[in-house]
Amino acid sequence: MRKKIVAGNWKMNNTLEEGLKLTSEIVNMVNDEVNDDVTVVLAPPFIHLTSVKNSINGAEKIYLSAQNCNEHPSGAYTGEVSAAMLNSIGVGYVILGHSERREYFSETNAELAKKVDAALEHNLTPIFCCGESQAIRENGDFVSFVCSQIKESLFHLSESDFSKVVIAYEPIWAIGTGLTASSEQAQEMHASLRTYIADQYGSEVADNTSILYGGSAKPGNAPELFACPDVDGGLIGGASLKSRDFVDIIKSY
Ligand code: PEP
């Protein structure tokens, strides 16, 4: 059975004080209101990871994610953070290939393949982001474009390593724009990705792969998205910065 996951990507937001307030609100609401079958993941900025970890300590359903890691094991990479460092402070997940990193930091599918390897080597679960631009959506090649992102960054993995990866489909035209993929658009892409994964790794692996949706998800549209048979949760940006909205999204599963 694949996991249901709702992850909050805080991006470059919140002072430490604000981040800890948000964490404690989420922890309290999740403990009181959320049933056990949804895994909740919080992805604060690197600098707040340890403090947020201390603040969620004891909340069994809540896990910690970084928003990126470097592909190298260690060395002269000023400003970077390795997968081993994240593992050493108790981080369990890492978001890789977010469209903002692809766009503003020129991350390529080949570089992301190395980051995925580094993450897996240090027992981090990659949340691998993929998704098409508005132009690609309009020209109709969106399924093959997203499949090629997955092929180039993930299909070198062994079956057992691929089974540890979580995929987040995030159409770029829906991220932070207020435009959301319709449930039909999300289901079409998620089902196509699952078939593509089944062709490479077999249907058991594909059936067990969690494929999250991301892109302007809110309490109002999450129930419809999460009702799609191939949508296994969400990667939430803006709405994850408001505890009530984030927990309502989790609860709508
Ligand atoms: C994201 O950045 O991963 C995201 C889904 O953002 P938003 O929910 O704000 O569209």
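The values are calculated or read from the model by the stated rules, or taken from the named source; none is laboratory data. These numbers were taken from a predicted model, which means no experiment stands behind them. Cβ coordinates were reconstructed from backbone atoms using ideal geometry, including for glycine residues, and neighbour counts include every protein chain displayed. These accessible areas exclude ligands, DNA and RNA; they are computed on the full protein's heavy atoms, side chains included. Shrake-Rupley method; radii C 1.70, N 1.55, O 1.52, S 1.80 Å.
Quick notes on this one:
- In this Cβ point-charge picture (+1 for Lys and Arg, -1 for Asp and Glu), the stretch 4-250 has a dipole of about 540 debye about its Cα centre.
- Subset of LYS4/LYS218; LYS3/LYS115; LYS11/LYS218; LYS218/LYS251; LYS53/LYS164; LYS164/LYS242 violating a 19 Å alpha-carbon distance limit: LYS3/LYS115; LYS53/LYS164; LYS164/LYS242
- At most 13 other Cβ within 10 Å, DSSP loop - chymotrypsin sites (Phe, Trp or Tyr not before Pro), the stretch 70-110: TYR77, PHE105
- Over the stretch 147-253, relative contact order from alpha-carbon pairs under 8 Å, at least 6 apart, %: 28 percent
- Where the chain is the region considered: accessible area per residue in Å², 1.4 Å probe: 44 Å²
- Our helix-only sum for the chain, with -39,500 (n - 2.57) per DSSP H run of n ≥ 4 divided by its residues, gives a mean residue ellipticity at 222 nm of -12500 deg cm²/dmol.
- Computed log₁₀ I(q)/I(0) - Debye formula, equal Cα scatterers, no solvent, the stretch 4-250, q 0.08, 0.17 Å⁻¹: -0.27, -1.35
- Sequence-distant contacts, meaning Cα pairs under 8 Å at least 6 residues apart, place the relative contact order of the chain at 22 percent.
- Cβ-derived FRET efficiency at R0 35 Å, THR108 paired with LEU16, nearest 0.05: 0.60
- The stretch 162-173 - phi-based ³J(HN,Hα) in whole Hz, Karplus 6.51/-1.76/1.60, Gly and Pro as x: 4, 5, 8, 8, 9, 10, 10, 7, 10, x, 4, 5
- Within the chain, the longest run free of exposed loop sites, counting GluC sites (Glu not before Pro) that sit outside DSSP helix and strand states (H, G, I, E, B) and have at most 15 other Cβ atoms within 10 Å, spans 81-253.
- Part-to-part distance (alpha-carbon centres) for the stretch 119-153 and the stretch 161-189, which is given in Å: 9 Å
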